[in-house]
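Below is one structure, written out as structure tokens, with a few remarks after it.
The values are calculated or read from the model by the stated rules, or taken from the named source; none is laboratory data. None of these values were measured; they are calculated from a predicted model. Note that we place each Cβ from the backbone using ideal geometry, even for glycine, and neighbour counts take in every protein chain shown. What goes into the accessible areas is simple: the full protein's heavy atoms, side chains included, and nothing from ligands, DNA or RNA. Shrake-Rupley method; radii C 1.70, N 1.55, O 1.52, S 1.80 Å.
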Amino acid sequence: MENNIIDPKTLKVQSELPRIEFENQNQLEKTVDAMVERFTGLVVTKDTYELHRH
């Protein structure tokens with residue numbers, strides 16, 4: 001009887017991740033852009049931490 005074991009070094013796997021779609025993608029993009037703008041350049045130190053905590 002022949003040995004039919006697959007060598008894992010030669011095994012090639014192709015996969016495709018599931019696609020995720022948002023019904024409100026435009027609003028999501030606007031929200032993310034607004035958050036990026038709000039926090040770009042923000043520097044929090046020990047002295048200013050309490051001011052920015054909310």
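Once the Cβ-Cβ distance between Thr10 and Val32 is put in as r, and R0 is 35 Å, what FRET efficiency do you end up with, to the nearest 0.05? Spell out each step's value before the answer.
On the way: r = 43 Å, r/R0 = 1.22.
It comes out at approximately 0.25.
The angle separating the long axis of helix 25-39 from the principal Cα axis of greatest extent in the chain is about 60 degrees.
Per-atom-type breakdown for the chain gives carbon and sulfur 54% of the accessible area (1.4 Å probe, protein chains only). Based on the reciprocal of the average 1/r between different C-alpha atoms, the Kirkwood radius for the chain equals 17.1 Å.
Probe of 1.4 angstrom, ligands and nucleic acids ignored: what's the accessible area per residue over the chain, in square angstrom? Before the final figure, lay out the partial values.
Numbers: 6390 Å² over 54 residues.
I get 118 Å² per residue for the chain.
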